[in-house]
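Data first, discussion second: the structure below is written as structure tokens.
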């Protein structure tokens, strides 16, 4: 069932005992969206279905968002659609018009004041449609759609973050604490002391992008230090493509496309269920 972004965040309120984080998973097709929703329903947890900027801007992107929204409406899982990492205000307006409940207005590569202005304009759009805005301060390196090895950069400054959230009124702030999108160069080194200072300084909840490749213990420590939403993408694509390679030879005998889809869905569903367990229960 469709649920507002803020209601899902409220299910993981700050300083709850035990702490937990809302899982957000990137969906490039209905097989992945179905898998995410089934895993969330099985765990009885809310979930965010992310649509990447590249997927939404591509031909058929609007239909993808509408289809994923329809799947969420019919699911037993509490779910919200979020357009992820976008700085194009036309795309932001379009996503809200088609039923997205949130956008991640990403001005993290811009100067501070320009980032504030982008997020404020996104907030105006969100208010018209009853949606919510997540933003990013500091820059989480790497790409959301192509997994390459990346080093961390642009850590979030707590004083800047306080000013930024006061100026923008965002519902959620993505922070850079050594996390990256895609694949990590070497062993990930998260700045937990910085995360603790950010959590203490800010009134808004925090999100962690680039969870794929992080040890479960690091993810759970971040949750314990105030992270309330976690994005995962790369590991889902790895599971989806591995299932495709494994199931394709048998599917080609008789051209059984539905068997291929079932294998893709099952692989992603298992992974998402494990991730939700780590994010919310401290176990797989």
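The values are calculated or read from the model by the stated rules, or taken from the named source; none is laboratory data. Everything numeric in this text was worked out from a predicted model, so none of it was measured. Cβ: placed from backbone, ideal geometry, glycine included. Neighbour counts: every protein chain shown.
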Looking at the structure I just gave you, is residue 272 in a helix (DSSP H, G or I), touching a helix residue (DSSP H, G or I) at 6+ places or on another chain (Cβ under 7 Å), closer than 25 Å to residue 132 by Cβ and at pLDDT below 95?
no
In the range 95-117, anything assigned to a helix (DSSP H, G or I) and either over 27 Å from residue 12 (Cα atoms) or more than 16 Å from the chain's Cα centre (by Cα) (or both) is listed as 96, 97, 112, 113, 114, 115, 116, 117
Hey, residue 92 assigned to a helix (DSSP H, G or I), touching a helix residue (DSSP H, G or I) at 6+ places or on another chain (Cβ under 6 Å), buried (at least 23 other Cβ atoms within 10 Å of the Cβ) and in contact (Cβ under 8 Å) with a residue 24 or more places away in the chain or not: yes
Just one listed residue, out of 77, 67, 40, is part of a loop (DSSP other than H, G, I, E, B) and either farther than 30 Å from residue 160 by Cβ or free of Cβ contacts under 8 Å to residues at least 24 places away in the same chain (or both), and it is 77
If we ask which residues in the range 5-31 are assigned to a helix (DSSP H, G or I) and either at pLDDT below 90 or surrounded by fewer than 24 Cβ atoms within 10 Å (Cβ to Cβ) (or both), their number turns out to be 5
Out of (1) touching a helix residue (DSSP H, G or I) at 6+ places or on another chain (Cβ under 6 Å); (2) closer than 23 Å to residue 87 by Cα, the one residue 52 does not meet is (1)
Do we have any residue at all in the range 45-59 that's surrounded by 21 or more Cβ atoms within 10 Å (Cβ to Cβ) and assigned to a loop (DSSP other than H, G, I, E, B)?
yes
Every listed condition ((1) surrounded by 14 or more Cβ atoms within 10 Å (Cβ to Cβ); (2) without any contact (Cβ under 8 Å) to a residue 24 or more places away in the chain) holds for residue 249 save (1)
Considering only helices (runs of 4 or more DSSP H) wholly within the range 152-247, the ones with at least 2 residues that are closer than 23 Å to residue 126 by Cβ are 158-168
Checking 169, 178 in turn, the sole residue that is under 11 Å from residue 210 (Cβ atoms), touching a helix residue (DSSP H, G or I) at 6+ places or on another chain (Cβ under 9 Å), surrounded by fewer than 23 Cβ atoms within 10 Å (Cβ to Cβ) and at pLDDT 75 or above turns out to be 178
